[in-house]
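The values are calculated or read from the model by the stated rules, or taken from the named source; none is laboratory data. These figures come from a predicted structure and were not determined experimentally. As a convention, Cβ positions derive from the backbone with ideal geometry for all residues, glycine included, and neighbour counts pool all protein chains shown.
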């Protein structure tokens, strides 16, 4: 099964593709399915916070679809790691695969040695994370890497109205302001948070639905003067499209 143009581009950029084997899976809260994987070659001795990979999911016709996921609990000595796949309907290729996969199944995962998260120097006034269930695994990992004396604000979109349905949120720590917020129409979900606070001099990390991410990025740049190396924004999904489109 070929990986199309996207796979060729990643290979040209030096990305390496690895075989990963399903060990087991179990629900993680009401909305996540956690898949436990093993690979002899994928992991590095030290993984940066929020490190991620692209996984290639086969459909019933043999086509491959890619989707990016944060690695959870990477263990280099054992060659194991976990991935949380958000369950949603209608399901995309990744969700359909996750629901039907069994222990022993092998798929491919690609890693590209691009930019990873690192603590900003000099230290910013604080760290702001805006996301939802799709970016929760990354946010959880990144928050854990920040010194406790530094203020951290996390706002996650509560789309289902159940505050994550029991998914693991960032660990309680000093100087952490964590809250679930309601989804607002027209992508305005994060704007009340940004209007209520002063985040000048902060580092901001935004990853959610496309319109939400774009509006938050614009507000941070215009109203709080957060830009350049102090601003990371990435749309994790597009409303109305299946997550995990063909590449």
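Identify all residues within the stretch 23-32 that are under 17 Å from residue 57 (Cα atoms) and surrounded by fewer than 19 Cβ atoms within 10 Å (Cβ to Cβ); write none if there are none. Once the filter is applied, which keeps residues that are under 17 Å from residue 57 (Cα atoms) and surrounded by fewer than 19 Cβ atoms within 10 Å (Cβ to Cβ), the stretch 23-32 yields 23, 24.
On inspection, residue 177 does not qualify as surrounded by 13 or more Cβ atoms within 10 Å (Cβ to Cβ) and outside any loop (DSSP other than H, G, I, E, B).
Among the residues of the stretch 48-67, are any in contact with a strand residue (DSSP E or B) (Cβ under 8 Å, 6 or more places away or on another chain), modelled with pLDDT under 95, under 30 Å from residue 225 (Cα atoms) and not in a loop (DSSP other than H, G, I, E, B)? Scanning the stretch 48-67, I find at least one residue that is in contact with a strand residue (DSSP E or B) (Cβ under 8 Å, 6 or more places away or on another chain), modelled with pLDDT under 95, under 30 Å from residue 225 (Cα atoms) and not in a loop (DSSP other than H, G, I, E, B), so the answer is yes. Residue 156 - would you say it is in a strand (DSSP E or B) and not assigned by TED's automatic domain parsing to the domain that holds residue 27? So residue 156 passes the test. For the stretch 109-148, residues that are assigned to a loop (DSSP other than H, G, I, E, B) and in contact with a helix residue (DSSP H, G or I) (Cβ under 9 Å, 6 or more places away or on another chain) total 6. For the subset of the stretch 220-230 comprising residues that are surrounded by 19 or more Cβ atoms within 10 Å (Cβ to Cβ) and not in a loop (DSSP other than H, G, I, E, B), which member is nearest to the chain's Cα centre (by Cα)? Out of the qualifying residues, it is 230. Evaluated against (1) part of a loop (DSSP other than H, G, I, E, B); (2) out of contact with any helix residue (DSSP H, G or I) (no Cβ under 8 Å at 6 or more places or on another chain); (3) without any contact (Cβ under 8 Å) to a residue 40 or more places away in the chain; (4) closer than 22 Å to residue 85 by Cα, residue 198 falls short on exactly one condition, (4).
All conditions but one from (1) over 16 Å from the mean Cα position of the chain (by Cα); (2) touching a residue at least 60 places away in the same chain (Cβ under 8 Å); (3) more than 22 Å from residue 158 (Cα to Cα); (4) not in a strand (DSSP E or B) apply to residue 24; the one that does not is (4).
Filter the stretch 183-208 down to residues that are farther than 16 Å from residue 228 by Cβ and surrounded by fewer than 20 Cβ atoms within 10 Å (Cβ to Cβ), then give me how many there are. Total satisfying the criteria: 13. For residue 133, the conditions (1) under 15 Å from the mean Cα position of the chain (by Cα); (2) surrounded by fewer than 19 Cβ atoms within 10 Å (Cβ to Cβ); (3) within 16 Å of residue 206 (Cα to Cα) all hold with the exception of (2).
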